[in-house]
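Report on one structure; see the data block that follows.
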C-alpha cells in the first residue's frame, strides 16, 4: 500500500510525485489521492501497478508523442482510463508562419520590457509549449480530464518521459489554476532536479535501446540531457504574463477554460 507523500515509493517509478498537501494563496490545500505527476511508466512492476490501483488512479494522461508511445507503451492500469494528449509535434514546426508570429510577439514584449535575453533552443521549446496550437490542445485535454475526475480518492496521473518538461509545464498550469503561491509552484518545478538527475542517463540509454526514430525522439533526448532551472521557469511564466498579462487571461483565452471550469477545478482538488 502506497503512503501519501511527495515522492511515491514505487520500485520503478520515474519522478513519481504527489501534488497533495500544497497550500494555496488563500490557505486551502490540494487534496491527496487526486493529482500525480510522473515520468515514464513503461517499466512499472506489477507491484507498482497494484499499488497505483489501490491508490485510486482513475485516469492516466500520457503527454508523449505517437512515436514515443509506440516505442515505450504504458502498462495497463486496472480501473484507469488511458488518454493520450501529445504535446509534440508542435504545429509551428510544420507551419513556420505560426512560429514566426509567436517569436515576433515575444521579441516585441521583450523590447517593451527592456529585456534582451538571447533565446536558446531549449527556451524556444518552452515558449512553444505554452503557445503552440498543438501543445495547447494537449493541455486543454488534460484539463478536461481533470474536470472529469470529480470523485474524492480518485487520482489523475499526467506524465511524459522524464516528468520534467512537458509534465513540468502541465504542473505549473495546474498549480496556477489552483491558486498556489508562485514560490511553491517554482519549488515544485525545480524539485525535479533533486529527484531525477541521477536517472537521466538511464532514461536516455533506455530510449536509445528502443529507438524512437524521428525528430521528436531527438528533441526529447535533447531536453532530457538538460537540467531545468530558474531561467526555464521564468521563460514559461514571463511568456504567459507578457502575452496575456496574467494566468487567468491565459486560461480563458489560450486554454479556453471558463471561469466556471476554473472554479470547478478548485472545488474538485482543494480542501
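The values are calculated or read from the model by the stated rules, or taken from the named source; none is laboratory data. Bear in mind that the values here come from a model prediction, so they are computed numbers and not experimental data. Note that each Cβ is placed from the backbone with ideal geometry, even for glycine, and that neighbours are counted across all protein chains shown.
Somewhere in segment 137-153, is a residue within 16 Å of residue 65 (Cα to Cα), in contact with a helix residue (DSSP H, G or I) (Cβ under 8 Å, 6 or more places away or on another chain) and assigned to a strand (DSSP E or B)?
Scanning segment 137-153, I find no residue that is within 16 Å of residue 65 (Cα to Cα), in contact with a helix residue (DSSP H, G or I) (Cβ under 8 Å, 6 or more places away or on another chain) and assigned to a strand (DSSP E or B), so the answer is no.
Count, please, the residues in segment 150-174 that happen to be crowded, with 20+ Cβ neighbours inside 10 Å, in contact with a strand residue (DSSP E or B) (Cβ under 9 Å, 6 or more places away or on another chain) and more than 10 Å from residue 37 (Cβ to Cβ).
Count: 2.
Has segment 181-203 got any residue that is surrounded by fewer than 18 Cβ atoms within 10 Å (Cβ to Cβ), modelled with pLDDT of 90 or more and outside any helix (DSSP H, G or I)?
Checked against the condition, which is being surrounded by fewer than 18 Cβ atoms within 10 Å (Cβ to Cβ), modelled with pLDDT of 90 or more and outside any helix (DSSP H, G or I), segment 181-203 yields at least one hit.
Anything in segment 137-149 that is within 16 Å of residue 247 (Cβ to Cβ) and surrounded by fewer than 18 Cβ atoms within 10 Å (Cβ to Cβ)? List them, or say none.
The answer is 140, and nothing else.
So residue 268 ticks every box in (1) modelled with pLDDT of 95 or more; (2) touching a strand residue (DSSP E or B) at 6+ places or on another chain (Cβ under 8 Å) but one. Which box is left unticked?
(2)
Here are some residues: 40, 18. Which one is buried (at least 16 other Cβ atoms within 10 Å of the Cβ) and at pLDDT below 95?
One residue alone meets the criteria, 40.
Name the helices (runs of 4 or more DSSP H) wholly inside segment 225-271 in which the number of residues that are within 22 Å of residue 132 (Cβ to Cβ), under 16 Å from the mean Cα position of the chain (by Cα) and touching a residue at least 60 places away in the same chain (Cβ under 8 Å) is 1 or more.
So the answer is 230-244, 247-253.
Check off (1) surrounded by 17 or more Cβ atoms within 10 Å (Cβ to Cβ); (2) over 19 Å from residue 168 (Cβ atoms) for residue 3 and give me the number that stays unchecked.
With respect to (1) surrounded by 17 or more Cβ atoms within 10 Å (Cβ to Cβ); (2) over 19 Å from residue 168 (Cβ atoms), residue 3 is out only on (1).
Could you count how many residues in segment 144-162 are within 21 Å of residue 192 (Cα to Cα) and over 13 Å from the mean Cα position of the chain (by Cα)?
Residues in segment 144-162 being within 21 Å of residue 192 (Cα to Cα) and over 13 Å from the mean Cα position of the chain (by Cα): 1 in total.
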